[in-house]
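Quick note: the coordinates plus some simple rules give every number you see, no bench work behind them. In this text the structure is predicted, and so the values were computed from the model without any measurement. Positions of Cβ are backbone-derived with ideal geometry, glycine not excepted, and every protein chain shown enters the neighbour counts.
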């Protein structure tokens, strides 16, 4: 009998548990174990010795015939638990594919006629034939040991379809004289222009549908030739500028430290990615390209596909189905994909032969996961570099202060690109709403006039507003009552089209009442505005112009997102109204004007990162303008005398960085200190106050000479029906000792290590 330390996968479990099994197993194999009467997935962490076996449970079944992760990934798991104060089980969950699918899709496969199970049966269906699981498991183990049945693991069901390459039959003298359908002719024309291509490219470019029989017909007529292998073709897009060439050379030659690629918007950073990735791909090494938002994946995929035509690309993000993610996960683990494009969760993928991670728009807060296990994906990538000797590139027009400071300290290499590749930086105009003549209470007359001039040129306009919905809140004008979410200490957002009040924090929604619940008055007014209100006003001002709304209320899934972005890229006049979804990496050639509304909302929040975040956001939105010709940007503000707007107008992010670094150093905030934000939450306000005070006293005893602030109520003191208090630690402390506090108050305490904002 052998004994093993096993960690459950998922759940807030910090410790391992000892299990036994009659056969020798390996570290890194997944197993099915009994946890408190339920079957759970577990991972073998190590072998145990000198065990009292009387009370030790036996491992139920083996899920993996061999480990799917190596020592480097184990090192990453253990380091991450310490750095981010996370349960071991939670970090392991990040590394592996979605659990429920693997666990409940295990099949029992009959191997011969002696099997009482006549056809493949799912494990959970098999259990239903028995009065208790103990009896069922005992019988199943007997059948497995007698080689009468076997468990078929999920990855064995994943079929890697052959990837066919298509070309025109060169022996055919005159294709044009053969009678074929219009769809078939479209395929022939595409191949004449592009040469040999992967079959799936025809579907991706909507030349034909997957269900079409056109290819079979063309093959039958001898027009098409199918082959399985293709010499790799790399299609060059542009010649590099001198700044780009220097960046590529440095990144490729110097691999001992991470690289910060600091290039203005539109400077061709993506082309640099392609150039530095190419040598690795030629050596059959793998590259991970990370993007902060799912909305950026289709655009990146299309550009990569165009450049590296016959390399195999994978996409990995949370909007994919479980089965899609599992297919990509196993494919990455086996080395089937040359390039993977992914959001923050992709940083955990155990990619075989991974040699480079490129993190685009590295400034974006989306790389920091705040819920269901808090971690910084950029810091995870940097840890992977240490364990796997990877080349890491962080890229942004507005880099994080922490990364810029590391570059100044020569912990990173710094590559700068100061000039746009095709055009000049946009002309930025700051409009003072205190003195500007108004068109209505949202737009100035000057802004509306500029939109009209742009549309008249058959160009596109982006209008950015920070919030979605029609109005930020509804108020009773008689008694001042504001409609608030019962679960959260925030006002409902009003959505006019649906006539609903919605909480954008917990998802609670209800029909808009006809009267005030406090004084019964019917004098209800909306205040503030979001994308829905902006679209309504623009439709009145420009009734014949197509207007596209882009936010998470109207876009519900990945397919809708792709369709919307494809429509936005179609040539011709359009007004695009959106939230942060349109600020990142959006490259539209005929976009001439960007209008930024309510720019003061972010800049003056009570948060130490407010100015950095606001400047980065505004400059990123502004950078969408004039990618081919010099564009224009209008920023509406009530604080036009702010130094921040002066720097933005001059496209001077360097000065913003210098100013912010001075403030951070003065007040001892990151990157000059490590910061831990502890959130204590409880359904009882009184219990939460008591617990917060207890935790504060324990922290003071553990770290007596450390700056510890709190406990205080945050701006939103109640969220999802739980009362909250904050405690802030502003110095580096022993994470192992802090982890003891986390474990003790497990369900009621969340610790964020160096979060990008304190407004959580």
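Here are the numbers:
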| quantity | calculated |
| --- | --- |
| Peptides ranked, highest mean first, by Cβ atoms within 10 Å: ranges 9-20, 455-466 | 455-466, 9-20 |
| The chain: calculated mean residue ellipticity at 222 nm from DSSP helix runs of at least 4, using -39500 (n - 2.57) | -9500 deg cm²/dmol |
| Residue 242/residue 589 FRET efficiency (R0 35 Å; Cβ-Cβ; nearest 0.05) | 0.90 |
| 383, 356 arranged by Cβ crowding within 10 Å, fewest neighbours leading | 383, 356 |
| Proportion of all alpha-carbon pairs of segment 165-227 beyond 16 Å (%) | 35 |
| Anisotropy class of the chain from Cα gyration tensor, a/c 1.5 cut | oblate |
| Rounded, prolate or oblate (a/c below 1.5 giving rounded, otherwise prolate when a/b exceeds b/c) for segment 676-753 by Cα gyration tensor | prolate |
| Antiparallel DSSP beta bridges within the chain, percent to nearest 5 | 55 |
| Ranked 344, 685, criterion: other C-beta atoms within 10 Å, fewest first | 685, 344 |
| Modelled FRET efficiency - R0 35 Å, residue 706 with residue 319, Cβ distances, 0.05 increments | 0.25 |
| Label zone at residue 715, where the point sits 7 Å out along the Cα-to-Cβ direction: segment 740-760 residues whose backbone N lies under 18 Å | 755-760 |
| Simple spin-label estimate for residue 255 and residue 743 in nanometres, 7 Å along Cα-Cβ | 3.9 |
| Inter-site label distance for residue 552 and residue 649 at 7 Å from Cα along Cβ, in nm | 3.5 |
| Full-stretch length increase - residue 38, residue 386 - with 0.36 nm per residue and alpha-carbon distance subtracted | 121.5 nm |
| Length released on extending from residue 209 to residue 55, taking residue separation times 0.36 nm less the Cα-Cα span | 49.5 nm |
| Packing-based exposure ordering (other Cβ within 10 Å, fewest first) of 723, 262 | 723, 262 |
| Virtual spin-label span in nm between residue 489 and residue 456, 7 Å along Cα→Cβ | 5.2 |
| Gain in span if fully extended, residue 192 to residue 411, counting 0.36 nm per residue against the direct Cα distance | 73.8 nm |
| Cα centroid separation, segment 237-309 to segment 1-70 (Å) | 42 |
| Calculated FRET efficiency for the pair residue 608/residue 732, C-beta based, R₀ 22 Å, to 0.05 | 0.80 |
| Overall form of segment 493-646 per C-alpha gyration tensor (a/c, 1.5; a/b vs b/c) | oblate |
